[in-house]
Amino acid sequence: SSISWNCYQHEYNLIIAPQPRNMIENSMFEEEPDVVDLAKESPSYPIDTDNVVYEPRSSRLLVRGLGENDLDEDEEDYESSARLLGMSFMNRSSNQRSAASSYIRQHYSGSCSMPSTKTMVVGVVVLVLVASMLMVLYFLLGCNFTTAGCQKTNSTMDSIYPNSTNGELFPWADLRLPCSVHPVHYNITLHPDLTIMTFQGSVSILVQVLNETKNIVLHSSDMNIIKATFDGKEVHFLEYKPWQQIAFKFPEDLKKGQYVLNITYTANLSSSYDGFYNSSYVDTNGIKRVLAATQFEPLAARKAFPCFDEPAFKSTFTIKMTRESKYISLSNMPKVITTDLKNGLEEDEFEKSVNMSTYLVAFIVADFISVSKNVSKTKVSVYAVPDKKEQVQYALDTACKLLEFYNSFFKNEYPLSKLDLVAIPDFLAGAMENWGLITFRETTLLVGSNSSAIDKQLVTSVIAHELAHQWFGNLVTMQWWNDLWLNEGFATYMQYISIESVFPGLDIDTEFLNVRFKALAKDALNSSHPVSTVVSTPEQVEEMFDSVSYEKGASILLMLNATLTDGEFQKGVTQYLQKYKLSNTKSENLWNSLSQVSKQNLSVSEMMNTWTVHKGFPLVTVKRSGTQVTLTQEHFLLNAENSTDDSSLWHIPLTYVSDKCSVLSSCKQVFHLKEKTATLKLPDQVKWLKFNVRSDGFYIVHYDEEGWKDLIGALKEDMNVLSCKDRAALINNIFALSRSGKVSFRQVLNLMDYIRNENETAPVTEALFQLGQIYRLLDKRSELDLASRMTSYIEDHFGSLMENQSWDLETSVSKMTLRSALLEMACSLNIRNFCVVIDSWIPSDLMRTVFKVAAQTDEGWGKLLDMYKHSINDPEKHKTLEALASTQDVWKIIWILQKSLDGSEIQTQEFPLVINTICKSFAGYLYAWDFVKENWDKITQKFSVGSFAIQSIIMSATSQFSTKTHLVEAQNFFSSLGMKGSQMRIVQEAIETIKLNMRWMENNLNTLQSWL
Ligand SMILES: [Zn+2]
C-alpha cells in the first residue's frame, strides 16, 4: 500500500514548505521534522541507550524508558512462566496485556507433606536441569511461534488458555492461527445497506484439514454471527475478542480431508478507515452521496468476513454482491453476471479469483463512472465520482504505460483480465494494491487541467508503486508481516526504476535521493528497528508500515542493484517471481535467487543479511595517507556516546571516485568492506577521494581533517568535479555528522561556503532543508536574535538564486522543485519582500506558496476557505487546505483542528496533514499539542494505534520541543496512555527526538552566536 500520500511534497520542515523530500508513501505523514542535534559535548540530559533500546519490542523496556510503571512482580513472574512455554502471545501489546488478565492458570491441586531442605535443594536442581533440557529440546524441535507461521497444537499449552466471551475456555492460545487447517476457497455473499450503514454476509469456506485436530480457529471481528454450520450441521462456536479469533470445537479429531464451514452474520459498515467502511462526499449540486469500500491491509479482512486472516493462508475467492440498481459494484475479478432480484436490488457475481491473501480482497459499492483502455489482454479502467470524470485520463494513460513496462520487466504478464484504479473520496492510506482493484485517494489518482508537473509526479509515483505490488506483494507475498519490506521496499524501489525508464522528464531520481536522506535520518535514531523485525501484535504489525520498511527497504535494494553487474538484478528478480508465484516467501528466498545469477560470486544473502537484521546503518571513516587509505566502520547513531559497545558489522559495497576520474559512471571503483577496519591501496597519488558515489549506498562517510579540506577545496575551485548528487550527499552527511557531535558546526559552514555558486536542485534543497530545521528550533525557543541571524545567513547564501527565480510557467520538474523551495523559504522568512499576493494567474506549482501568504489576512483566508469548499480539483484543494492551516490566527487554528477531526467541513483523512501544517508555525504548535492530548480517544477511534497516521500526528506535535518542561510533559502524557498507545515505537522516537533537541540547544546556542 501507499501510506498516505497526501501532499505531494515533502514537508518536514517547518519553514521551507516545498521540499520534495518524499513523494511516495507517507508524504503527508512524514513530515515529521527530523531531529536537529549538533551536539558536541556531553549533554546534561543523558540519552541512555537502555532507555531506548527497542528490539525485540518490550513494553517493559519502553515503560522504563518513560520513567514509570515498571511491571509489578506478578506480571514479571507471569511472563517468565509464559516464556518457558514458548508463548509468543506474551509479546505484550496493549491488547495482549488486557488479554493476559483473562487467562486462567490451572493449578495442580495435589497435596503433599513438607519436604526437607536437602530434598528441596536436590529437587530444585533436578527440576531446573529437566526444565532446561526440555526447553532446549523444545526450541530445537519446535516451531518459531512468532515468525514461522507454524503453530503447533501443543499439549504443553494446555495449562494456559484464555476465556472466551461465554466463559468457556477458548481452545487456542496464540495470536497466530494454528496451521493444522488451511482455507482452500471462500464463497462470500454480501449485501450492504447504504441507508442504514449495515451489511449482511454469509461466507462458505472450503477448508483442508492437514493434521488431525479437534479445533478450527479463524479470525472474525466486530460482527454478529447468526448461524454457523460445519458440513451441513449447525455448530457451536467460541469467540475470543481481544485477538479477534473464533473457534469451533469438535468432540472427536477431524480426519484429514476437506470440509465446508458456513457462517452467516451481520455487521455495521465501519466508520473508521478500515474493514468494509462507508464513505461519503458532497456532489457539485450540494447533495450528499454515499458509498462503501474496503481497506483490509493489514488486519481488517476479518471485519468484513470471518477468515484465516494471515498473508500465508492464500486461497481463492468467489464474491457475490447485492446492491441497489443505482449503484455499481466492483471487486478484484471481472463481473460474470448480474441478476435482477426485484425490489430495486441486483446481485453481481464475480469470477473466481486467483490464489491470494485475504488482505488483498476488495469490493466497492458506489455510483462511480469510468474510462477504459486495453493493454495486452488486460482491460485497464480508472473510476471516480461522476463530477470528476474530466480528471481520470492522465491516470489511465499512465497506468497503461506502466503496466506495459512491468509486463516486460518482470517477464511475467499481469495475470488478470482487468485492472481497475479507483479514486475514493474519503480514504486514509495513499493507495492500496488490492489485486485487480487498486484504491487511491483522489489526490493520488486524479489530475485536472491546472495540475502541475509536480502533481503528476505524485500521481505517477503512486500508480507505479501500486502496479509494482501486483507482482511484489500480490503474486509473491511475504510469509508474515515481519518481512513487510519485501512488499513495500520492493514496490518503492520499482516505482523509481519504472518512472525513470517510462517518464524520464519527471526527475524521479532526485526524489529518490531525498527519500534516501530521509530514511538515513530516521534510521540514525536509537528507536529505529531492523528492516526485518519480529512482529506479533496488531499494533506491531501496524507499525511496520514506516520509513524503514518502505524507504530503507528501497535504499538497500538500490545499493544491491548498483553492486550487481548489468542485468543481474532484473534476472534474479524474474527468476524469484517465476519460482514463488502464487506463494509466500521470506527475505532469504529473494537473496538466494539473486545469488544464483550473480557472476561475481557475491553471496547476496551474506551481504544483505547485514542490512536487514541490524537496525541502523554504518558510518565509514576514511583516513588517507599517501596512497594508503584506512577505512573503519561503526554504527552511526545521533547520540554517538552510546555507540561504542555496538559491535554490528555491515558488508558494505564501498564505492569511490577521485580527482583522476569522477564524473563518468565508469569512474566508480568498488571495495567490499566487511571487517571493522580495512586498508585500501590506491594505484596512484590522488588529490581527493569521495566515497559513496551518488549516494547509492545506505551509509554515510566521514573523512579526516585533510580529507574534508581537500574536498571542500575541490568544490570551491570547480564544483562540477562532483555530480550534483554527490554534492547533495556531502551536505547531508556533514550536517548529520555535526548533529552527532563528530564535527563542529564551524566545519559545516566551511563546506557550505561553496553553495553561493550552486544552482542544482538536489544540493540546494538539501541545504535549505537542513538550515530550515535549525531555524525552526531557534524560532520555537524564541531565540529571536539567532533566528534572524539564520535568516540573514540564508539570504546571504541563497539570495541571488532566489532573485533569479521567475513566477512564469515552468515545465521542468526539477526547476519547479528548486523554485518552490527557494520562494517558499523566501516568503516564510520574509526575505527581500519577494512575496506579494498576486491576484492574477499563478502557475500551479507555486499556488501553495502564494496561498500561504494570502492566508495570513482575514480576507484572504475567507476567500481560500470558500475555494476549499467549492473546488472539485483535488491538488488545488489540497494546497488550499495547507494554506488555511498555515494561518497565525489562534481562532482559525482551533476551528480548523476541530473541523478536520470531526470531519464536518474538512475530511478526517486530512487531520494528520492539518496537525503537521499547524505545528510548523510558532502560533499553532502548542495549540496543536494540547488538542492532540485532549482528543486522544477520539483520534485513536479514527486512526488505529500504531498506524502511520498516528505516527505522523505524534511526531508533528512533539518534534520541535527542546526544553525540559516539554520533555516531562510529553513523557507524562505518553505514559498516561497505557494501553492506548504508550507502547508505540513512535513514542520512543518522539522522546528521543526531544532529548536530542535539548542537547543540541545546550551545546550550540552559545557557539552559534559567534558562527552565524
Ligand atoms: Zn505499498
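Assorted remarks:
- Contact order normalised by residue count of region 677-726, Cα under 8 Å, 6+ apart, percent: 39 percent
- Rounded to the nearest 10 Å², the accessible area of residue 353 at probe 1.4 Å: 10 Å²
- A crude spin-label estimate for the pair residue 811 and residue 671, with each label 7 Å from Cα along the Cβ direction, gives 4.6 nm.
- On full extension, the segment bounded by residue 1006 and residue 890 gains 38.5 nm, given 0.36 nm per residue less the C-alpha separation.
- Exposure check, 1.4 Å probe, all protein chains in place: residue 289 carries approximately 80 Å² of accessible surface.
- Gain in span if fully extended, residue 941 to residue 165, counting 0.36 nm per residue against the direct Cα distance: 277.1 nm
- Accessible area per residue for region 527-642, computed on protein heavy atoms with a 1.4 Å probe, is 30 Å².
- Percent accessible area from carbon and sulfur atoms, region 512-641, protein chains only, probe 1.4 Å: 49 percent
- Averaged per residue, region 864-940 has 34 square angstrom of accessible surface, using a 1.4 angstrom probe with ligands and nucleic acids left out.
- Measuring against 29 Å, Cα to Cα, the residue pairs 780/879; 522/676; 518/716; 373/411; 615/877; 288/320 contain 615/877 as the ones spanning a longer distance.
- Sorted on the mean count of surrounding Cβ atoms within 10 Å across their residues, most packed first, peptides 315-326, 760-771 read 760-771, 315-326.
- Per residue, the average separation of C-alpha pairs within less than 8 Å and at least 6 apart gives region 933-1012 a relative contact order of 35 percent.
- With every protein chain in place and a 1.4 angstrom probe, the accessible-area ranking of 894, 712, largest first, reads 894, 712.
- Ranked packing of 599-606, 978-985, 748-755, most packed first, by mean Cβ within 10 Å: 978-985, 748-755, 599-606
- Summing charges over all other residues whose Cβ lies under 10 Å from the Cβ of residue 372, with Lys and Arg as +1 and Asp and Glu as -1, gives +2.
- The heavy atoms of residue 598 present about 20 square angstrom of accessible area, all protein chains included, probe 1.4 Å.
- Take region 336-447 with all the other protein chains still there, run a 1.4 Å probe, and you get 32 Å² of accessible area per residue.
- Label-to-label distance, residue 371 versus residue 661, with points set 7 angstrom from Cα along the beta-carbon direction: 4.9 nm.
- Sorting 469, 702 by accessible area puts them as 702, 469; the probe is 1.4 Å, largest comes first, and only protein heavy atoms count.
- Here the label points at residue 647 and residue 225, each 7 Å from Cα along the C-beta direction, are separated by 5.0 nm in the simple model.
- Extension gain for residue 969 to residue 343 (0.36 nm times residue separation, less C-alpha to C-alpha distance): 219.4 nm.
- Percent accessible area from carbon and sulfur atoms, region 776-849, protein chains only, probe 1.4 Å: 46 percent
- Sparsely packed loop sites in region 793-898 (the chymotrypsin sites (Phe, Trp or Tyr not before Pro) outside DSSP H, G, I, E and B with at most 12 other Cβ atoms within 10 Å) comprise 841.
- Relative contact order %, region 822-928, counting alpha carbon pairs below 8 Å whose residues are six or more apart: 19 percent
The values are calculated or read from the model by the stated rules, or taken from the named source; none is laboratory data. Nothing here was measured: the structure is a model prediction, and the numbers come from that model. Cβ sites come from the backbone with ideal geometry, for glycine too, and all protein chains shown count toward neighbours. Calculation scope for accessible area: heavy atoms of the full protein, side chains included, ligands and nucleic acids excluded. Shrake-Rupley method; radii C 1.70, N 1.55, O 1.52, S 1.80 Å.
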